[in-house]
Structures are given as structure tokens and as C-alpha cells.
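Asker: My questions all concern the structure below.
The values are calculated or read from the model by the stated rules, or taken from the named source; none is laboratory data. In this text the structure is predicted, and so the values were computed from the model without any measurement. No Cβ is skipped: glycine too gets one built from the backbone with ideal geometry, and neighbour counts run over all protein chains shown.
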Amino acid sequence: MQRVTITIDDELMTELDRIIAARGYQNRSEAIRDLARAGIRAAAESLDRQRDCVAALVYVYDHAARQLSKRLADTFHDHHELSLASMHAHLDHDSCMEVTILRGKTGKVRKFAEHVIAERGVRHGRVILVPTDVLSKPPSGGHAASHDHPHPHRHPGPRRPA
């Protein structure tokens, strides 16, 4: 880890301290690292549309909107290579929420998500994109499975009789 010294004006520091308090960061360094990561991801998304990514597309829509369910189903079928999985929830009598996991080139995923969100009858929508290269890098110092957290790792191998 490297130590970096920066100068921040009082107004920006006040805003940063509000974020630190609201999110419960232990210190300013953690908050600045998270904000830097978010800024780097956002910049990378806008710079490289050919970069591979995964995304969560979340949208709320009026289930009774004319032909919306059919239009959405057709859109997803037309772009089946981008969609990995979806979850559907009935929020109330009029509203449903879909959460869809997408994977593909950033430009195609973003265009598809924006198309879905722009459909008439979709009330709210948001897409969160994550470049896949940040997911596939093993931690420094070794094998991807050698990290310190409580869940067990299942490695493929011969099955044992039950």
C-alpha cells in the first residue's frame, strides 16, 4: 500500500466527512479508497465500451401497462446472450420489480439496459456495471482461493459415495 498526501478544500472535506459518518467508515482513508474505486470504475465504463462487464439491471414497472410484459420478453429474447438470470417481485397491485444480471461488452450491456429502462411503463430503472477484469484478478501473493474469510471452498474432484 502506498501513502499519498492530498490537499482538499474545507467545503469538500466537510462533504467527505458527512459521507464518512453516514456510511460508517472507520477512517478517511477507507472512504477515499472506496470513492476512488467508484470513480475509476465510472471513468473506465465511459472510456472503454468494448471492455467486458457484468451488470445488475434493476427496474420497477407497471405490470398492467399495455403490452409491456410482451415487449420486455421480446427484448430479452432478442438479447439472450446478455442476460444471465432474472428475479421478479410483485411490489403491490400495480408494480413489479425485475432484477436481471447481465454480462457482455460494456457498450452493448449499457445500451440494452437503457433500452429496457426507456420502455413506456417502466417507472424507475438503474444499471450498475462492474468491469469483469476487477473480478478475475487473484489477490496479490498467491492463488485465488487463498484468502482469509470464513466460507469453505469447494474444489471440483471425484465425488465421494454418500
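Asker: Going residue by residue through region 41-58, is there one that turns out to be over 21 Å from F112 (Cβ atoms) and under 25 Å from the mean Cα position of the chain (by Cα)?
Answerer: Checking region 41-58: at least one residue is over 21 Å from F112 (Cβ atoms) and under 25 Å from the mean Cα position of the chain (by Cα).
Asker: On to the next question. Give region 20-73 a look and list any residue that's in contact with a helix residue (DSSP H, G or I) (Cβ under 7 Å, 6 or more places away or on another chain), acidic (D, E) and in a helix (DSSP H, G or I), or say none.
Answerer: Across region 20-73, the qualifying residue is only E45.
Asker: A further question follows. Of everything in region 107-130, what is in a helix (DSSP H, G or I) and in contact (Cβ under 8 Å) with a residue 12 or more places away in the chain? Give them in sequence order.
Answerer: G107, K108, V109, R110, F112, A113, E114, H115, V116, I117
Asker: Any idea which of R66, R51 is closer than 19 Å to V127 by Cβ, modelled with pLDDT under 95 and surrounded by 10 or more Cβ atoms within 10 Å (Cβ to Cβ)?
Answerer: Testing whether each residue is closer than 19 Å to V127 by Cβ, modelled with pLDDT under 95 and surrounded by 10 or more Cβ atoms within 10 Å (Cβ to Cβ) leaves just R51.
Asker: Would you say H77 is under 16 Å from V60 (Cα atoms), surrounded by fewer than 15 Cβ atoms within 10 Å (Cβ to Cβ) and out of contact with any His (no Cβ under 6 Å at 6 or more places or on another chain)?
Answerer: For H77, the condition - under 16 Å from V60 (Cα atoms), surrounded by fewer than 15 Cβ atoms within 10 Å (Cβ to Cβ) and out of contact with any His (no Cβ under 6 Å at 6 or more places or on another chain) - is not met.
Per-residue answers, yes or no, for (1) acidic (D, E); (2) surrounded by 15 or more Cβ atoms within 10 Å (Cβ to Cβ); (3) under 26 Å from Q50 (Cα atoms):
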residue	(1), (2), (3)
A89	no, no, no
T100	no, yes, yes
T106	no, yes, yes
R110	no, yes, yes
H115	no, no, yes
A118	no, no, yes
R123	no, no, no
I128	no, no, yes
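Asker: Which of the residues spanning region 7-43 are touching a residue at least 12 places away in the same chain (Cβ under 8 Å) and farther than 30 Å from H88 by Cα?
Answerer: Within region 7-43, L16, I19, R28, A31, I32, L35 qualify.
Asker: Among the residues of region 85-106, write down those that are assigned to a strand (DSSP E or B), more than 16 Å from R126 (Cβ to Cβ) and of a type outside the set (G, A, S).
Answerer: Passing the criteria: H88, H90, R103, K105.
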